[in-house]
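Worksheet for the structure shown next.
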Amino acid sequence: MKNNPFGKRLAAFSAAVADKGLDAAVVSGQSNVMSLTGVDCDNACLFVTPRSVVFYTDFRYTASVNRTAPWLKTGDIKKFNGKKPFPSGARAFAKIGFESSVPYSKYLTLKKAFPKAELVDVLQSILDLRMEKTPEELEKIRAAVLLNDEIWAEAQKRFSPGMTEKDMAREIKKLMIERGDGEAFETIVCVGKNAAECHHVPDSTVWNGKEPVLVDMGVKLGGYCSDMTRNILPDRPSRLYKKVYSLVLEANERAIKALKPGMTAGALDRAARSFLEKNGFGKAFGHSLGHGVGIDIHEAPAAAKRSKTVLKPGMTVTIEPGVYLEGNLGVRIEDLVFVTENGCEVVSKSEKPRF
Ligand code: ZN
Ligand code: ZN
């Protein structure tokens, strides 16, 4: 895999194909293909055997793949619809790896291409390999996070009383298109009690300039995502808001402090969760502490209660405790961190305001 910046990961996957006793694996999920080759293509099939790799795509993309990834051998994807003969001997293969995330139609196509083969799910192996980022990937994620910080600073200057949630989300989206490659996910803007809905869709609620605003945003840059949540504090906060905000901030900081390589992602979740539980807000923290971020906005590891995934240097994870009190208020504070040799590096630099 000479010159492929993802050559190590692809070689490891090829070894996994051999270990599982598979004749080959077919990888077609767009972000999975990108994580193994660096090529972002919406119609590709990576055919990996223990000894070879072929990147199958269609006429529209072949020339650009040959130019941007000359280390890849390319082939015609039509060979996967059963109409063109498949690479010699492949129709007799007995065990083929596939991703259980593919659409059913694609699964049927695979069945047709390999009539005699048993199809074995290899999705988890790919997701596990994607969990540990390459140094190049970490730099790309860092760049996306820093741009996100810049956009948040600029967006706050553009916010003014009288704007609706949609107006504010649109300002953020515009900045993301101008300065980056657009949104990594639909920006969440919640005015006042709308923040009690943890994935609220921005609507026509008007901000009077005094209520709190929760913003969850991530820009995409160079194929990688960022993810951050910040709150604009209310002018005259209720005692409850002050209390909840301060506890969520402390839960975020406690988890960051607790993070050490070698611990499980479940233990990381507990570092924040047990603190909120002790303070009476366990039930109001209804989601996991965080998730990995990379080519996709949600990747492994899941920092969830029962996760047994061991955190290792090179992994990314968000730290996003939240408390949601229906019809009243919501607070979430989210940073993206890199797991390091000694602990973690908080990559998100946007200020977390305090009372
Ligand atoms: Zn987020
Ligand atoms: Zn997140």
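Computed quantities for the displayed model
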quantity	calculated
Single residue of S307, S288 found to be within 15 Å of ligand 1 (Cβ to nearest atom), under 19 Å from R254 (Cβ atoms) and either assigned to a strand (DSSP E or B) or modelled with pLDDT of 95 or more (or both)	S288
Those residues of the stretch 1-30 which are touching a helix residue (DSSP H, G or I) at 6+ places or on another chain (Cβ under 8 Å) and farther than 23 Å from E118 by Cα, in sequence order	M1, N4, P5, F6, R9
Pair list, Cβ < 8 Å and 6+ apart or interchain, from the stretch 217-228 residues that are on the phi > 0 side of the Ramachandran plot to residues that are within 15 Å of ligand 1 (Cβ to nearest atom)	G222/A144
Residues of the stretch 170-205 satisfying the condition of being without any contact (Cβ under 8 Å) to a residue 12 or more places away in the chain and of a type in the set (K, R)	R170, K174
Test: residue in the stretch 201-210 that is polar (S, T, N, Q), touching an Asp or Glu at 6+ places or on another chain (Cβ under 6 Å), within 16 Å of ligand 1 (Cβ to nearest atom) and modelled with pLDDT of 95 or more	no
Residue among A304, A272 that alone is within 14 Å of ligand 2 (Cβ to nearest atom) and over 26 Å from L129 (Cβ atoms)	A272
Residue count for the stretch 308-334, restricted to those that are among the small types (G, A, S) and within 11 Å of ligand 2 (Cβ to nearest atom)	1
Elements of type helices (runs of 4 or more DSSP H) in the stretch 46-149, at least 2 residues being under 18 Å from the mean Cα position of the chain (by Cα) and at pLDDT 95 or above	123-131
Whichever residue in the stretch 247-265 is surrounded by fewer than 20 Cβ atoms within 10 Å (Cβ to Cβ) and assigned to a helix (DSSP H, G or I) and, among such residues, is nearest to the chain's Cα centre (by Cα)	I256
The stretch 19-32 - residue that is assigned to a helix (DSSP H, G or I) and closer than 14 Å to Q124 by Cα and, of those, farthest from the chain's Cα centre (by Cα)	N32
Condition met for V347 (within 16 Å of ligand 1 (Cβ to nearest atom), surrounded by fewer than 23 Cβ atoms within 10 Å (Cβ to Cβ), closer than 30 Å to E154 by Cα and of a type in the set (A, V, I, L, M, F, W, C))	yes
Number of positions in the stretch 153-170 that are assigned to a loop (DSSP other than H, G, I, E, B) and more than 18 Å from K210 (Cβ to Cβ)	0
Qualifying residue in the stretch 221-230 (condition: assigned to a loop (DSSP other than H, G, I, E, B) and over 26 Å from D269 (Cα atoms))	yes
Pairs, first of a type in the set (V, I, T) in the stretch 271-294, second in a loop (DSSP other than H, G, I, E, B), C-beta under 8 Å, six or more apart	V293/G218; V293/C225; V293/S226; V293/D227
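The values are calculated or read from the model by the stated rules, or taken from the named source; none is laboratory data. Every value quoted in this text rests on a predicted model; they were computed, and no experiment measured them. Cβ atoms come from the backbone with ideal geometry, glycine included; neighbour counts cover every protein chain shown.
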